[in-house]
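Below is one structure, written out as structure tokens; the observations come after it.
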Amino acid sequence: MRTARIERKTHETDIFVEVNLDGTGQFDVSTGIGFLDHMVEQFSRHSLIDLTCRINGDLHVDQHHTTEDCALAIGQAIVQALGDKGGIVRYGHAYSPMDETLSRVAVDISGRPFLVWKAAFSQPRLGEMDTELFEHWFHSIAQTAGLTLHIELLYGANNHHICESIYKGFARAMRSAVEIDPRKQGAIPSTKGVLGG
Ligand SMILES: [Mn+2]
């Protein structure tokens with residue numbers, strides 16, 4: 001089983017994350033931000049990555065540190081669980097419809113962090129969560145997991161649908177990318193022989 005655990009305590013957050021890349025989408029998520037929990041749970045359920053994510057963050061300041069560290073720790077756990085990335089599919093993409101909304105997510109577990117974000121919200125908040133933090137969440141997970149990540153909202157109106165379609169699309173893209181391809185027989189999926197840098 002490809003698993004990892006991250007425990008990290010700073011003046012801003014106290015965080016515990018566990019992942020199992022070969023799971024069934026079981027989750028235990030409590031970040032202290034209801035809407036973020038809802039999104040991280042979608043990520044687990046649709047990626048089939050089992051995910052525990054418990055955070056005690058400085059929400060009396062604002063939601064920035066908690067959101068950022070949530071993504072950083074999950075990304076760190078994923079890359080740790082991937083190990084040398086031998087045999088993985090590496091690439092994944094998904095078109096993600098949700099009612100009137102359609103988004104597209106493409107990912108390469110390249111070791112070269114890069115986020116292209118072409119999405120916008122018309123509301124400043126979803127639940128109590130600041131919508132500007134979603135781009136930052138994806139930027140942060142791309143940094144630590146080493147993802148080249150392209151996210152585009154093709155169209156949509158409802159802010160809840162827009163956000164949820166992006167998280168579900170990311171989940172499905174990651175589900176494909178972390179999968180072991182038996183035809184690769186454990187080979188690192190790069191002609192360079194190493195993924196990253
Ligand atoms: Mn929802």
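Tabulated data
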{"read-out": "Near-label residues of the range 65-95 by backbone N, under 11 Å of a point 7 Å along Cα→Cβ of LYS9", "value": "none"}
{"read-out": "Whole-number D in µm² s⁻¹ for the chain, Kirkwood Cα-pair radius fed into Stokes-Einstein, 25 °C, 0.890 mPa s", "value": "147"}
{"read-out": "Choice from PHE43, PHE138, PHE35 with maximal GNM fluctuation in the chain (Cα, 10 Å cutoff)", "value": "PHE35"}
{"read-out": "Packing-based exposure ordering (other Cβ within 10 Å, fewest first) of VAL29, VAL89, VAL17", "value": "VAL89, VAL29, VAL17"}
{"read-out": "Most fluctuating residue given options GLY34, GLY92, GLY169, as computed from a GNM of the chain linking Cα atoms under 10 Å", "value": "GLY34"}
{"read-out": "Distant-in-sequence amide H partners of SER190 (H built 1.01 Å from N, under 5 Å)", "value": "none"}
{"read-out": "HN-Hα J in Hz across the range 51-56 - Karplus 6.51, -1.76, 1.60, θ = phi - 60°, x for Gly and Pro", "value": "9, 9, 8, 10, 10, 10"}
{"read-out": "Top of GLN26, GLN76, GLN185 by mean-square fluctuation, Gaussian network on the chain, Cα under 10 Å", "value": "GLN185"}
{"read-out": "Theoretical ellipticity at 222 nm over the chain - DSSP helices of four or more residues, -39500 (n - 2.57) apiece, nearest 500", "value": "-11500 deg cm²/dmol"}
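Read the figures in this text as sums done on the coordinates, not as results from a lab. Predicted model only: the values in this text are computed from it and were never measured. Methodologically, a virtual Cβ is constructed for each residue, glycine included, from the backbone with ideal geometry; neighbour enumeration extends over all protein chains shown.
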